[in-house]
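A short reminder: the numbers here are calculations on the coordinates, not readings from a lab. This one's a predicted model, so the numbers in the text were calculated from it and none came from an experiment. With ideal geometry, Cβ positions are generated from the backbone for all residues, glycine too; neighbour counts draw on all protein chains shown.
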Amino acid sequence: MGDVLTAVGVLVGLGAFLALILVVAERRLVHSGPVRLTINDADPVEVPGGEPLLSVLRERKIFVPSACGGRGSCGLCKVRILEGGGPVLPTETPHLSPEEIEDRVRLACQVKVRDDTAIEIPAHLLEVEEYEVRVEAIEELTYDIRRVRLAFGPGVAFRFRAGQYVQIETPIYDGLGEPVYRAYSISSPPQDTDAIELIIRKVPRGICTTFVHELLLVGDRLRINGPYGDFYLRETPAEAVFIAGGSGLAPFESILADMAARGVRKKVTLFFGAVSRRDLYDLERLHAYGERLPGFAFVPALSHPDPGDDWQGETGLITDVVARHYGSMEGMEAYLCGSPGMIDACVRVLTDKGVAEDRIFYDKFA
Amino acid sequence: MTNQGAFTIFIAAIFINNILLSNFLGMCPFIAVSREVRTAAGLGAAVAFVMTLTSGLNYLVYAYLLEPLGLEYLRYIAFIVVIAATVQLVEMVIERTSPVLYYALGIFLPLITVNCAILGVSLFMVIRQYSFVQSLAYGAGSGVGWALAILAMAGLRKKMKRSRVPAALEGPGITVILAGIMALAFIGFSGMVPM
């Protein structure tokens, strides 16, 4: 009996002693006490050392966009680190171009704030705020696309530019350990400041889209943050082409409504690509802009119309339809919203047709 | 207690009784992390450091805690606990001082904990009844020997990128064959010092 107790005592004592050493070491090495963080030449603030920059900024209510929630897989949370930050890590290099590395751009989720750090983030990110919203309406647009209307509380006015997006914080539901953030473009006009609308397509096994399609009910409360992005209409005399795939119509609905409300004059053609008729929505609303906006044309196109669809419009892949529609596209602007595959294909076709690469605008939600 | 000099034990552990090439301990990271010379050097250094440190610490735990209390049978679990804590410590130090090495080593850094070469060194040290200084020399020698072997392998694999390996043997297959040939070469050293 005594032997057993000694043995247990020795092991427990040894374990406790080693644990103590590790706790002390962690205090001194990992959490290195407060460090000073300078954001865009503002006065330095004290933040706890050892945490990833993305969460340090989130604690301070600065929302750098991140679609993967800090796992280093989306590459959206790019910031410039002017001082500190340590060397570029192997987890970041796939997301950074050589020019960006030269320019000291890093992924905020991978950089740990260990020493005094100075960073530079786009000024508009400082205006991003977190909001609690209530689901006011859910509308089924197609069999797999929903329009969700989110209302801000009384006295809250949400200001954004047509074409920008917000991030939804998906609450923890079965199988999820931590909240994740997903980005969706706003489809309602910026003149509505008390509510926004999002168009969300169900992605098989998508965390947030499954939540929105299967669990979200009218009256539920959600947390969103935004607005983000510089996908807004350049008000130049150049002719513009809008290309939308699936739920990618959202930012264009917002931009068109904004153009109509403010009387913006610009020659614009909107191409909307879908598979068959059951994937189309909002057609009447979009055709109606033809009368309200001089110079606007709407071209829906189906890649594989069903025999029963009775489809008179354009058919073929959206890239082919656009290519057929124009001769040379030199001097034009292009705005794209859709899947990463569609965007890559469109960029290839558009540059072949003579659109300058810096005149092609898109938000790629990977 | 053997009365070989510490220096003899150190040299013997590197060349004659190389823990990797004569006992074939610690093969898993040896095969998996020997693709790049830089990472191999990093892991080799980390293993050598942990081995030296843990052989010293485990000697103290064994000689001053387990043996006096007659608890020698606890040595497996006690050694592993000490090794695990040491690896945690090394992990923190590396993450703090060289994040690039930390990410390059990836999962193999915490896996040093279960690198059997490290537990093997501590157990051999008990079996061979080394003194404290001899244990340190043995741990350091084995560590350097392990690092040397993985560096040599990484160098060979780098050269091998340009040689035509039969498709079925690419990757781990040819690496194990290479390890066998290296072990044969190291047999040439045996008998120089009686162990």
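Per residue of A:15-24, what is the mean number of Cβ atoms on other protein chains within 10 angstrom of that residue's Cβ?
If you average over the peptide's residues, the count of other-chain Cβ atoms is 3.
Label the range A:240-362 by shape, choosing from rounded, prolate and oblate, from the square roots a ≥ b ≥ c of the eigenvalues of the Cα gyration tensor; if a/c is under 1.5 it is rounded, and otherwise prolate applies when a/b is larger than b/c, oblate when it is not.
oblate
To the nearest Å, what is the center-to-center distance of the range A:265-329 and the range A:27-51, using C-alpha atoms only?
Distance between centres, Cα-based: 52 Å.
Suppose only helical runs count, i.e. DSSP H with n ≥ 4. What mean residue ellipticity at 222 nm does that imply for chain A under -39500 (n - 2.57) per run, divided by all residues and rounded to the nearest 500 deg cm²/dmol?
-7500 deg cm²/dmol
Based on other C-beta atoms within 10 Å, arrange B:182, B:51 from fewest to most.
Starting with the residue having the fewest Cβ neighbours, the order is B:182, B:51.
Using a Förster distance of 51 angstrom, determine the FRET efficiency expected from the C-beta separation of residue B:45 and residue A:291, and round it to 0.05.
0.10
Report, in deg cm²/dmol and to the nearest 500, the calculated mean residue ellipticity at 222 nm for chain B, where each DSSP H run with n ≥ 4 adds -39500 (n - 2.57) and the sum is divided by the residue count.
Result for chain B, helices only: -21000 deg cm²/dmol.
Work through the residues other than residue A:305 whose Cβ is under 15 Å from its Cβ and net out their charges, Lys, Arg +1 and Asp, Glu -1.
-4
Excluding residues on the same chain fewer than 8 positions from residue A:266, give the lysines whose Cα lies under 24 Å from its Cα.
Answer for residue A:266, where 24 Å is the Cα cut-off: A:353, listed by chain and number.
Could you pull the Rg and Dmax for the protein assembly as shown, using just the Cα atoms, both in Å?
According to the Cα coordinates of the protein assembly as shown, Rg and Dmax are 31.8, 101 Å.
Per-residue mean of other chain beta-carbon atoms within 10 angstrom of the beta-carbon, peptide B:73-79?
Per residue, the number of nearby Cβ atoms from other chains is 2 on average.
Which order do A:224, B:150, B:11 fall in if you start with the one that has the fewest other Cβ atoms within 10 Å?
Going from sparsest to densest Cβ surroundings: B:11, A:224, B:150.
Can you give the mean number of other chain Cβ atoms that lie within 10 Å of the Cβ atoms in peptide A:80-87?
Across the residues of A:80-87, the mean count of other-chain Cβ atoms within 10 Å is 1.
If every alpha-carbon in the range A:34-124 counts as one equal scatterer, what log10 I(q)/I(0) does Debye give at q = 0.11, 0.17, 0.22 1/Å?
Values returned for q = 0.11, 0.17, 0.22 Å⁻¹ are -0.26, -0.64, -1.11.
Which cysteines does the protein assembly as shown leave without a neighbouring Cys Cβ under 4.7 Å?
Taking the Cβ cut-off of 4.7 Å, the unpaired cysteines of the protein assembly as shown are A:77, A:109, A:208, A:337, A:346, B:28, B:116.
What distance in nm separates the two pseudo spin-label positions at residue A:8 and residue A:260, each 7 Å out from Cα along the beta-carbon direction?
7.7 nm
Just want to confirm a number: the relative contact order over chain B, from Cα pairs under 8 angstrom separated by 6+ residues, in percent.
Relative contact order of chain B: 45 percent.
Do the alpha carbons of any pairs in A:112/A:202; A:61/A:112; A:78/B:161 sit beyond 28 Å of each other, and which pairs?
The answer is A:112/A:202; A:78/B:161.
Label residue A:104 and residue B:181 with points 7 Å out from Cα along Cα→Cβ: what is the distance between them in nm?
A separation of 4.9 nm, rounded to one decimal place.
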